[in-house]
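Just below is one structure, and these are the notes that go with it.
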Amino acid sequence: MIQTENLTKQFKTTLAVDRLTLQVQEGEVFGFLGPNGAGKTTTVRMLTSLIGPTSGKAIVNGFEVGKQDTDIRRSVGILTETPGMYDNLSAQFNLEIYASLYEVKDPKGQIEKYLRMLGLWDRRNDEAGTFSKGMKQKLAIARSLLHEPRLLFLDEPTAALDPEGARLVRDFIEELRKQGRTIFLCTHNLDEADRLCDRIGVFKSRLLVVDAPARLRSQLFGRKVVFHLHAPAPGLAQTAQALPFVQEARLVDNKLLVTLEDPDLHNPEIIRALVGAGAEIQFVGELRRSLEDVYLQLVKAA
Amino acid sequence: MDKIKTILHKEWAEVFKNRMVLFATIFLPLMMTALPLIILYATAGAETGDFTSQMPKQFREFCPEGLTGGECFQYYIVSQFMIMFMMIPLIIPVNIAAYSVVGEKTTRSLEPLLATPITTAELLTGKNLAATIPAVIATWIGFAIFAVGAAIIAKSQALLGALLDPMWLLAIFLVGPLLAVLSVNFSLMVSSRVNDPRVAEQLSSVVILPLLALFVGQISGFILLSRSLVLIMAAVLLVIDLGLIYLSVQLFERETILTRWK
């Protein structure tokens with residue numbers, strides 16, 4: 001769906017995007033994370049043919065950026081950082097404009113479908129300027145979907161929304177994923193990325209890393225398993241540490257913290273070893289690192 | 001073509017929802033129409049006899065044949081205000097066109113619009129027509145009202161014939177639209193390059209200066225508007241308009257507009 005090779009954008013003295021090489025597969029929700037000014041919006045603008053690259057190549061939906069720009073714009077949907085609706089026109093008229101520009105075959109039907117789906121049908125005749133931020137965002141989402149694009153770029157879709165509005169938008173993205181659409185999601189909200197994205201790319205002018213959130217956590221921090229013990233005997237940490245697959249084992253109060261490469265595979269064995277050493281295990285859990293930890297570690301290192 | 005129509009409808013729906021713009025579009029032509037009619041009516045009593053022979057030679061040359069001295073005086077005064085008609089197609093589009101791109105920048109609606117498969121030529125044609133058509137129609141309606149009013153007020157066919165001389169018809173129906181195109185494209189160019197709607201309107205207003213110069217030139221006697229001068233004006237305007245249309249398309253750089261705007 002998206003394939004870039006050394007995609008670069010230079011604005012006079014600022015290198016906004018530096019040799020971005022990336023692939024996004026069909027049906028994937030790809031999270032594009034990075035601090036403010038990292039070049040995320042510039043990347044989206046290049047991939048939607050709004051601006052041209054300085055060098056490098058990008059293929060979007062089979063069309064090449066810079067050569068088949070109109071085809072790209074016709075085939076993708078974009079939710080820009082701000083909704084950018086015509087405030088003194090009705091919600092329906094706003095969508096009619098875009099349905100016509102995207103040459104939608106059944107504009108009335110499509111407009112009704114998405115306004116109903118997003119709960120705005122009863123407000124269709126109201127001016128967009130009277131809508132709350134969340135409603136405007138939903139209207140903008142409807143606008144980006146009118147022509148049924150298989151690839152959707154969402155630039156900070158829940159920014160500036162209250163928790164309820166953000167939840168609604170997230171649920172809708174989840175719904176779009178179920179429909180098999182490919183979503184390129186720029187977000188600051190790491191919890192959102194963790195929940196929605198199949199893979200994430202951490203970006204700061206250049207791509208720092210790309211992987212599934214869980215795998216990134218595991219690669220950067222390993223996976224920690226916590227054994228809650230009843231009156232732990234001294235030397236239990238050494239027993240665990242002696243096992244070849246254990247990276248680190250520490251006893252803190254009544255908890256034994258063990259870093260493992262693959263807990264799913266090694267937990268039974270370590271439990272057997274601990275029980276054999278006289279440990280009374282109350283329960284076992286995994287200590288999850290947040291995506292925020294992953295993100296901060298990567299961005300700081302960059 | 002459908003995309004141009006869409007932009008046209010969108011612009012009109014937005015612009016004419018603003019009552020001040022609607023007021024300006026209606027008020028200006030009405031005022032420009034009323035002024036020469038009031039003057040024509042007020043000066044009707046000035047005719048106290050034929051003093052053509054007492055008039056200076058230069059003034060007699062200005063008068064079409066068959067007018068009495070008083071009618072010549074009326075024709076002279078009203079003619080000065082007729083140039084005002086040509087201000088309508090210059091001023092009205094400034095309101096609409098100067099805001100049209102920078103307005104979309106301020107409301108952040110430009111990026112989603114440019115993300116659609118619309119071409120720059122389609123977008124600018126739609127915006128062009130949206131500002132040009134009301135200006136031209138307002139000018140023509142204003143002149144039609146003037147023509148009807150003059151037919152009622154003018155005391156002789158000779159005076160009416162002079163006021164509705166083909167020179168004025170050329171000026172209104174040929175030069176008028178060309179002036180509107182000039183004003184719109186100049187305003188669009190400014191609107192594409194600035195980031196503040198107020199700056200856009202201020203800079204775009206500069207476009208009326210050449211016509212003001214013509215007005216002053218005619219009043220002071222330096223320029224005498226004639227059929228040939230109107231035709232020369234039309235030819236020059238046509239060349240300028242074509243150049244401005246080319247320039248406004250060239251200066252509408254999507255990338256610069258999007259990335260410069262903060």
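The values are calculated or read from the model by the stated rules, or taken from the named source; none is laboratory data. These numbers come from a predicted model, not from an experiment. FYI the Cβ positions are ideal-geometry reconstructions off the backbone, even for glycines, and counts take in every protein chain you see. To get the accessible areas, we keep the full protein, side chains included, count just its heavy atoms, and leave off ligands, DNA and RNA. Shrake-Rupley method; radii C 1.70, N 1.55, O 1.52, S 1.80 Å.
Close contacts from the stretch B:7-18, counting a first residue that is in contact (Cβ under 8 Å) with a residue 60 or more places away in the chain and a second that is among the aliphatic types (A, V, I, L, M) and not in a helix (DSSP H, G or I), with Cβ to Cβ under 6 Å and a gap of 6+ residues or different chains, come to none at all. Filtered by the rule that a residue be open to solvent by less than 20 Å² (accessible area, probe 1.4 Å) and closer than 30 Å to B:Gly217 by Cβ, the stretch B:91-124 gives B:Ile92, B:Pro93, B:Val94, B:Ile96, B:Ala97, B:Ala98. The condition (being open to solvent by 10 Å² or more (accessible area, probe 1.4 Å), part of a helix (DSSP H, G or I) and either touching a residue at least 24 places away in the same chain (Cβ under 8 Å) or of a type in the set (Lys, Arg) (or both)) is satisfied by just one residue among B:Ile145, B:Ile88, B:Ile172: B:Ile145. Name the residues in the stretch B:209-224 that are part of a loop (DSSP other than H, G, I, E, B) and among the aliphatic types (A, V, I, L, M), would you? Passing the criteria: B:Ile223, B:Leu224.
Suppose we keep only residues that are without any contact (Cβ under 8 Å) to a residue 12 or more places away in the chain and outside any strand (DSSP E or B) within the stretch A:1-25. Which one would you say is farthest from A:Gly66 (Cα to Cα)? My answer is A:Thr13. Out of A:Arg215, A:Arg206, A:Arg170, A:Arg223, one residue alone is of a type in the set (Lys, Arg), open to solvent by 10 Å² or more (accessible area, probe 1.4 Å) and under 13 Å from the mean Cα position of the chain (by Cα). It is A:Arg170.
So is B:Ile137 under 12 Å from the mean Cα position of the chain (by Cα), of a type in the set (Val, Ile, Thr), at pLDDT 80 or above and surrounded by fewer than 18 Cβ atoms within 10 Å (Cβ to Cβ) or not? Spelling it out, B:Ile137 is indeed under 12 Å from the mean Cα position of the chain (by Cα), of a type in the set (Val, Ile, Thr), at pLDDT 80 or above and surrounded by fewer than 18 Cβ atoms within 10 Å (Cβ to Cβ). One residue stands out in the stretch B:225-262 among those that are within 14 Å of chain A (Cβ to nearest Cβ) and either at positive phi or in a loop (DSSP other than H, G, I, E, B) (or both): the one that is surrounded by the fewest Cβ atoms within 10 Å (Cβ to Cβ), namely B:Lys262.
Inside the stretch B:6-19, can you point out the residues that are of a type in the set (D, E, K, R) and facing chain A (nearest Cβ under 8 Å)? Of everything in the stretch B:6-19, those that are of a type in the set (D, E, K, R) and facing chain A (nearest Cβ under 8 Å) turn out to be B:Lys10, B:Glu14, B:Lys17. Taken over the stretch B:139-191, the criterion of being among the β-branched types (Val, Ile, Thr) and touching a helix residue (DSSP H, G or I) at 6+ places or on another chain (Cβ under 8 Å) is satisfied by B:Thr139, B:Ile141, B:Ile145, B:Ile153, B:Ile172, B:Val175, B:Val181, B:Val184, B:Val190.
When A:Leu146, A:Leu115 are checked against the criterion of being closer than 19 Å to B:Leu113 by Cβ and in contact with a helix residue (DSSP H, G or I) (Cβ under 8 Å, 6 or more places away or on another chain), A:Leu146 stands alone in meeting it. Assess whether B:Leu179 counts as being part of a helix (DSSP H, G or I) and either at negative phi or buried (at least 17 other Cβ atoms within 10 Å of the Cβ) (or both). The answer is yes for B:Leu179. Condition test on A:Asp18, is it at the interface with another protein chain (Cβ under 9 Å from one of its Cβ atoms) and either β-branched (Val, Ile, Thr) or surrounded by fewer than 19 Cβ atoms within 10 Å (Cβ to Cβ) (or both)? It is false that A:Asp18 is at the interface with another protein chain (Cβ under 9 Å from one of its Cβ atoms) and either β-branched (Val, Ile, Thr) or surrounded by fewer than 19 Cβ atoms within 10 Å (Cβ to Cβ) (or both).
Yes/no matrix, rows are residues, columns are (1) closer than 22 Å to B:Leu258 by Cα; (2) among the small types (Gly, Ala, Ser):
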| position | (1), (2) |
| --- | --- |
| A:Val44 | yes, no |
| A:Gly62 | no, yes |
| A:Asp71 | yes, no |
| A:Met85 | yes, no |
| A:Ala91 | no, yes |
| A:Gln110 | no, no |
| A:Met117 | no, no |
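For the stretch A:184-217, filtering for residues that are touching a Pro at 6+ places or on another chain (Cβ under 9 Å) and not assigned by TED's automatic domain parsing to the domain that holds A:Leu33 leaves 0. Candidates in the stretch A:178-203 are the residues that are assigned to a helix (DSSP H, G or I) and surrounded by fewer than 19 Cβ atoms within 10 Å (Cβ to Cβ); of these, the one that is modelled with the highest pLDDT is A:Lys178. Taking the stretch A:193-212 as the range and being touching an Asp or Glu at 6+ places or on another chain (Cβ under 8 Å) and on the phi < 0 side of the Ramachandran plot as the test, the residues that pass are A:Leu196, A:Asp198, A:Arg199, A:Ile200, A:Arg206, A:Ala212.
For the stretch A:126-154, a residue qualifies if it is assigned to a helix (DSSP H, G or I), in contact with a strand residue (DSSP E or B) (Cβ under 9 Å, 6 or more places away or on another chain) and either charged (D, E, K, R) or more than 12 Å from chain B (Cβ to nearest Cβ) (or both), and the qualifying residues are A:Gln137, A:Arg143, A:Leu145.
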